[in-house]
Amino acid sequence: MNVLIAIGSFYDGGAEIFAIRLANALSESRQVVFVELQPYETDKKSQRKLLSPAVKVIQLGKNVPGFLLHKYLRKGRVRQRLKHYYNASVEQTFGKVLKEYNIQVVHSHCLQTDIYFTRLKSKYSFKLATTLHGHYELEQKEKLLGLFESNHMQERTDKYVWVTQQQNETLDNLKVPNKKRNKIYYGIPGDIAKACTVYTPDEPLKIVMAARGIPEKGWKETIDACLLLLKKFPGKLQLTLLGDGVFIDELRSLYNHTAIHFYGYIEDVLPFIEDAHIAVLPSYYKAESLPNSIIEYLFCGKPVIATSIGAVEEMISYNHERAGILIGLVHEKVAVQDIADAIQVYLENPELVAQHSVIALQAAQKFDMKQCVDSYTALYEEMLNEPVMQQ
């Protein structure tokens, strides 16, 4: 079975990194084609380097000059003509890809690719699966319903994979039959840490945060919380920040403290996480689902301070115990004092780091990549064994 995995563009986000990890893992046993539907949406494509050489990468819209798309596609009288030309070019490329690589399954990872490939189901023969990453929750309910109905998405999509209860409720609202739904956790390659993390009070508490560089991930609030604690516990904290973007650049210019370390975009964050005692993700991003950062924290055995958003509580739990401290949102934001209070718990109770680290290593087991690949392979095979739907 040959699989095509589709993203909108190489954004620095969790959906894209999971799609890359899944493609790499699947490519060990089958032909995998990785498609970037809208290559001109992003200039930085650092994540592309993470793809295995065994994965064939194709930019569906590469034959259309990028400057034309940026300048004309959404405005002016030439919009419809350019849009028609763009869609025809992309569809022609896709048809060649399907034939050349004998693609049987298309696996979509964003709303744009969901829409595009459901439209193509009326012209080409393939099975379509989509993994929800929070994109649907970003859309207004009425708009999403309109997109589903106008593009026949419910009928033409063979399987939906969800990871949070909120996403499952969205599928309820869209009247997606239960037989089309599957819950599959993300997977992360590599081995879970062999030893738990230990913190002693004679050293600074090392804190790490890795995330996309947008305000809603809680970057500023984390920095402010650490600076607040440093007034009370001088020299007792070190904060490592892994992420880049315009917002991160602004924070870098605002905060100049020897305990705050900005490292920008890091291709492999695991060594930095391994070096820390605890990890934080106080996100209030409304489409948060199954943050890759938290999976990476757990794999390294780090206690997690995070907001109870998306599936975070489920992620850090094992046998009814939590590998960290959850923070509630106040008016859809996170409070600096709440982050500071959670960090202070570890400063004043060093033994809790090791206790929560043990739970983190146990909670990480549900994100094993082999288990993830086996689940998706079974899903693909189930789709291929189902009768062809009338389009």
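Quick note: the coordinates plus some simple rules give every number you see, no bench work behind them. In this text the structure is predicted, and so the values were computed from the model without any measurement. Cβ coordinates were reconstructed from backbone atoms using ideal geometry, including for glycine residues, and neighbour counts include every protein chain displayed.
Please give the length that would be gained between residue 320 and residue 369 if that part of the chain were fully extended, namely 0.36 nm times their separation in residues minus their C-alpha to C-alpha distance (nm, one decimal).
15.3 nm
Considering Cα pairs under 8 angstrom that are at least six residues apart, work out the relative contact order of the chain and quote it in whole percent.
Across the chain, relative contact order equals 16 percent.
From the helices alone, meaning DSSP H stretches of at least four residues, give me the mean residue ellipticity at 222 nm for the chain, per-run term -39500 (n - 2.57), in deg cm²/dmol to the nearest 500.
After summing the helix terms and dividing by the residues of the chain, the value is -12000 deg cm²/dmol.
Looking at the chain as a GNM with Cα springs under 10 Å, which of 109, 320, 135 has the largest mean-square fluctuation?
Among 109, 320, 135, the largest GNM mean-square fluctuation belongs to 320.
In nm, give the distance between the simple-model label positions of residue 202 and residue 382, each being 7 Å from the Cα along the Cα-to-Cβ direction.
Rounded to a tenth, the inter-label distance reads 5.5 nm.
Near residue 347, within a Cβ-to-Cβ distance under 10 Å, what is the net charge of the other residues, with Lys and Arg +1 and Asp and Glu -1?
+1
Quote to one decimal, in nm, the extra length available between residue 57 and residue 232 on full extension: 0.36 nm per residue of separation minus the C-alpha distance between them.
Using 0.36 nm per residue and subtracting the Cα-Cα distance, I get 57.8 nm.
Which distance in Å, rounded to a whole number, links the C-alpha centroids of the range 353-381 and the range 175-220?
What the calculation gives is 12 Å, centre to centre.
Quick one: if the Förster radius is 35 Å, what FRET efficiency do residue 179 and residue 89 give, using the C-beta to C-beta distance and rounding to 0.05?
The computed FRET efficiency comes out at 0.45.
Ignoring the sites themselves, what is the longest stretch of the chain with no GluC sites (Glu not before Pro) in a DSSP loop and at most 11 other beta-carbon atoms within 10 Å?
Longest stretch, sites excluded: 29-266.
Can you give me the angle between helix 79-100 and the longest principal axis of the chain, using Cα atoms only, in degrees from 0 to 90, rounded to the nearest 10?
Helix 79-100 sits roughly 90 degrees off the main axis of the chain.
What does a probe at residue 30 reach in the range 126-143, counting residues whose amide N is under 12 Å from the point 7 Å along Cα→Cβ?
The answer is 127-129.
How many nm is it between the label spots at residue 333 and residue 256, if each spot is 7 Å from the Cα in line with the beta carbon?
Label-label distance for residue 333 and residue 256, simple model: 2.7 nm.
Within the set 96/370; 127/286; 96/159, which residue pairs have Cα atoms separated by over 27 Å?
Violating the 27 Å Cα-Cα cut-off are 96/370; 127/286.
By how many degrees, 0 to 90 and rounded to 10, does the Cα axis of helix 14-26 deviate from the longest principal axis of the chain?
70 degrees
Return the long-range amide H neighbours of residue 5 (sequence gap of 5 or more, or a different chain), with a cut-off of under 5 Å between placed amide H atoms.
33, 34, 35, 107
With +1 assigned to the C-beta of every Lys and Arg and -1 to the C-beta of every Asp and Glu, and no other charges, what is the dipole magnitude of the chain about the Cα centre in debye, to the nearest 20?
The dipole of the chain has a size of about 1900 debye.
Please report the relative contact order for the range 205-367, taking Cα pairs under 8 Å with a sequence separation of at least 6, and give it as a percent rounded to a whole number.
Relative contact order of the range 205-367: 25 percent.
Quick one: Karplus J couplings for the range 333-348, per residue in order, coefficients 6.51, -1.76, 1.60, θ = phi - 60°, nearest Hz, x for Gly and Pro?
10, 9, 8, 4, 5, 5, 5, 4, 4, 5, 5, 4, 4, 6, 4, 8
State the extension gain, in nm to one decimal, for the chain segment bounded by residue 100 and residue 268, taking 0.36 nm per residue of separation less the distance between their alpha-carbons.
57.1 nm
Taking +1 at the Cβ of each Lys and Arg and -1 at the Cβ of each Asp and Glu, which of 364, 282, 104 sits farthest along the dipole of the chain towards its positive end, judged by Cα position relative to the Cα centre?
104
Within the range 133-181, list the trypsin sites (Lys or Arg not before Pro) lying in a DSSP loop whose Cβ has at most 12 other Cβ atoms in a 10 Å radius.
Within the range 133-181, the qualifying trypsin sites (Lys or Arg not before Pro) (loop, at most 12 other Cβ atoms within 10 Å) are 175.
If you fit an axis through the alpha-carbon atoms of helix 369-385 and take the longest principal axis of the Cα set of the chain, what angle between them do you get, 0 to 90°, nearest 10?
Its long axis makes an angle of about 20 degrees.
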